[in-house]
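Below: the structure, in structure tokens.
The values are calculated or read from the model by the stated rules, or taken from the named source; none is laboratory data. Note that the structure is predicted; figures quoted are calculated from it, not measured. As a convention, Cβ positions derive from the backbone with ideal geometry for all residues, glycine included, and neighbour counts pool all protein chains shown. Side chains are part of the model used for accessible areas, which takes the heavy atoms of the whole protein and leaves out ligands, DNA and RNA. Shrake-Rupley method; radii C 1.70, N 1.55, O 1.52, S 1.80 Å.
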Amino acid sequence: MWRTQLMSLRRFSSGRPSLRVAARRFSAPCADVGGGGWSRPAGADTGLKTYNSLTKQKEPLILRREGVATWYSCGPTVYDHAHLGHACSYVRFDILQRILSRLFGITVVHAMVITDIDDKIINRSREENVSPTILARMYEEEFKNDMLSLKVLPPAVYLRVTENVPQIVAFIERIINNGHGYVTKTGDVYFDIQSIGHRYGKFSAAADVPSEPGDLDKHDKRDFALWKSSKPQEPHWDSPWGKGRPGWHIECSTIASSVFGSHLDIHSGGIDLAFPHHENEIAQSEAYHRCEQWGNYFLHSGHLHLKGSAEKMSKSLKNYITIKDFLQSHSANDFRMFCLLTKYRSAIDYSDSSMSEAQSFLATIAAFGHAARAYMRGQLQCQAVQEALLWGKLAETKASVRSALADDFNTPRALNAVMKLVYHGNCELQPVTKCDGHTRSPAVFGAILSYIGELLELFGIDFLDRKDVSAADHSGTLEGVVEQLSRFRSEVRAFALAPQGAADPPGGAAARPRIPRDRIALLKACDTLRSDLAPLGVLIKDRGTDSTWEISQRKPTLPKKEQDPST
């Protein structure tokens, strides 16, 4: 049966006129367009705009089904450790999906493919002397754990290529039957680019397309593989064209179509995937569905570079930092803020200074939160707060953030609005030594903290600096111990700072009371305790005779004397 079908397919593919006739039978458009250009989809306008790589400009985001966005993303090829270049793309798109769902109320249905059969996997499995399946499963599990460590929400479904080979074979058969694929003498199957004419080249001029290495029997040097015939000692599957395995591009077209059919709202990936991978996906999918517009919006994230290098971070260049290594010295919060400080589609430089900038942003917000909570508890005395001003600034910030995120997910502009709000809040929290008995305004600070916390949580950042879930059982005990320690220290300081006797000191009541000599040692001991606790993540701030404390999420840094192995 396979032999008969194979001969029939070869006879069919050898007739070039029949291919051209079939190419003109694109008669069931997925979107109402003409001439191969992008068309504004029919559906529900979200009120948002996003940069569409298909048009190279911002477009209104219109969804086929109101309140629901279908989203497909290219997952990893699992043959090695994931690095920060991968993390940057996945974290950025995770932030975009969180914005859509948690701010704008859109249900995101996200599917991701795991490429678990590929030349790189086969080659690495030979180097490691392990089966490709075992190798792929091992790195797939590691990838998923890395994503959880970075707080990336998992897709609705992961799909492996190896578990969808029958669907891929059927997809290729239909492409051939529709006149857009052909079989070579060696049993390889190629997509016929000439059969779709000017429709090829949405992300790159078709004339500039480089040749894909492969069979000499290709009709056009630009044609790309749909099916690769089996080589000795390689994994293979049965097909009408003989034993082999899928090409790289066909897996995404097949799997995305198996989940979402002939209509896809959003397709995402790194900018390096735009051509040829996404270009070929579009060609295959539109040839299969016989439609004019399969994917409505293509979103591409910019590359991550090591500062000073023009090259992107990649395994092939061996200039990468694994996610595991990064998380030894930084937190997921640090990396998310690092990603938020640039637009998702911009290139981004990774360096110690750029990570310090992200940490500084987090520290500024955390310090404001600490001071605001101290004020709300009555531990921080201030002059009368301009409450009406702060309520107005909070309303302005909410509007500015929403507007920025509706405009192509502009997170840097949104964060700038938040930092302005923090600035105005800090201006009202200047401590004074003596309170004049004015009315306090804790509610407005509670509202500001709640809003900032909700927004950062939306971005996947833990505003409250809570510890990992694994430490949750001990967090209450730790906080209780720190609270008692801080209270005891405050009582010692208050005793040491209290003036002796009821009479005014020499120089009048306005002169600063002199601290008795025998109490100076107590103050030094309190200062030493504060200094010693800081590297361990317990930050104590003295405000007059009162003190406040917080537990930092940053990893503890031991004093040098404890780090030196010679001591």
inquiry  = 7 Å from Cα along Cα→Cβ at both GLN484 and SER356: what's the point-to-point distance in nm?
reply    = 4.0 nm
ask   = So what is the orientation-averaged projected area of segment 44-191, using the convex hull of its C-alpha atoms, in nm²?
value = 11.8 nm²
inquiry  = Between LYS49 and GLU66, what is 0.36 nm times their sequence separation minus the Cα-Cα distance? Round to one decimal in nm.
reply    = 4.6 nm
key: Using a Förster distance of 51 Å, the FRET efficiency for TRP391-PHE495 (Cβ separation, nearest 0.05)   = 0.80
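Based on alpha-carbon atoms only, what is the radius of gyration of segment 343-469 relative to the globular estimate 2.2 N^0.38 Å? Let's see the in-between values first.
On the way: Rg = 16.1 Å, N = 127, 2.2 N^0.38 = 13.9 Å.
The value comes to 1.16.
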task = Be a star and scan segment 147-174 for residues whose amide nitrogen sits under 18 Å from the point 7 Å along the Cα-to-Cβ vector of SER230.
result = 162-170
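Among the trypsin sites (Lys or Arg not before Pro) in segment 228-334, which ones are in a DSSP loop with at most 11 other Cβ atoms within 10 Å of the Cβ? Mind listing them?
Working: sites: LYS228, LYS243, ARG290, LYS307, LYS312, LYS315, LYS318, LYS324; in loops: LYS243, ARG290, LYS307, LYS315, LYS318.
Sites meeting the loop and neighbour criteria: LYS307, LYS318.
Mind jotting down a quarter of the surface of the convex hull over the alpha carbons of segment 105-224, in square nanometres, one decimal? It would help to have the intermediate numbers written out before the result.
Working: hull surface 45.0 nm².
Taking the Cα atoms of segment 105-224, their convex hull projects to 11.3 nm² on average.
I need the calculated FRET efficiency for the pair THR186 and LEU341, taking r as the beta carbon distance and R₀ as 41 Å, to the nearest 0.05.
For THR186 and LEU341, the calculated efficiency is 0.20.
Would you mind getting me the FRET efficiency between SER450 and ASP220? Use the beta-carbon distance for r and R0 = 51 Å, nearest 0.05.
On the way: r = 60 Å, r/R0 = 1.18.
The value I calculate is 0.25.
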remark   = Given pairs LYS202/LYS231; LYS144/LYS231; LYS151/LYS231; LYS144/LYS398; LYS228/LYS343; LYS307/LYS343 and cut-off 29 Å on Cα-Cα distance, the over-length ones are LYS202/LYS231; LYS144/LYS231; LYS151/LYS231; LYS144/LYS398; LYS228/LYS343
ask   = Taking the Cα centre of each part, how many Å lie between segment 289-303 and segment 36-58?
value = 10 Å
ask   = At what distance in nm do the modelled label points of THR439 and ARG519 sit from each other, each positioned 7 Å from its Cα along Cα→Cβ?
value = 3.7 nm
key: Nearby aspartates and glutamates by direct alpha-carbon distance to LYS221 (threshold 14 angstrom, same-chain neighbours under 8 apart not counted)   = ASP192, ASP208, GLU212
key: Cα-based equivalent ellipsoid, segment 377-438: semi-axes from gyration tensor eigenvalues, Å   = 31, 11, 7
key: Viscosity 1.002 mPa s, temperature 20 °C, Stokes-Einstein D of segment 280-433 from Kirkwood C-alpha radius, µm²/s   = 112 µm²/s
ask   = Zone of ASP119 (label point 7 Å along Cα→Cβ, backbone N under 18 Å): which residues in segment 230-265?
value = 230-236, 244-252
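Calculate, in whole percent, how much of the Cα-Cα pair population of segment 109-148 lies beyond 11 Å. Don't jump to the answer; show the numbers that get you there.
Working: 499 of 780 pairs.
Summing the P(r) of segment 109-148 above 11 Å gives 64 percent of all pairs.
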remark   = Most packed first (mean Cβ within 10 Å per residue), the peptides 515-526, 190-201 order as 190-201, 515-526
note = With every protein chain in place, the accessible area of LYS398 for a 1.4 Å probe, in Å² rounded to the nearest 10, comes to 100 Å²
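I'd like the per residue volume of the convex hull spanned by the Cα atoms of segment 117-170, given in cubic angstrom. Present the calculation step by step, with values, prior to reporting the outcome.
Details: hull volume 4.9 nm³, N = 54.
So the per-residue hull volume is 92 Å³.
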Segment 223-325 - Debye-derived log10 I(q)/I(0), Cα point model, q = 0.10, 0.19 Å⁻¹ = -0.41, -1.02
query = Is there a pair in LYS434/LYS524; LYS56/LYS120; LYS324/LYS541; LYS420/LYS524; LYS49/LYS120 whose C-alpha atoms are over 26 Å apart, and which pairs would that be?
reply = LYS56/LYS120; LYS324/LYS541; LYS420/LYS524; LYS49/LYS120
inquiry  = Run the Debye formula on the Cα coordinates of segment 167-292, all scatterers equal and no solvent, and tell me log10 I(q)/I(0) at q = 0.15 1/Å.
reply    = -0.66
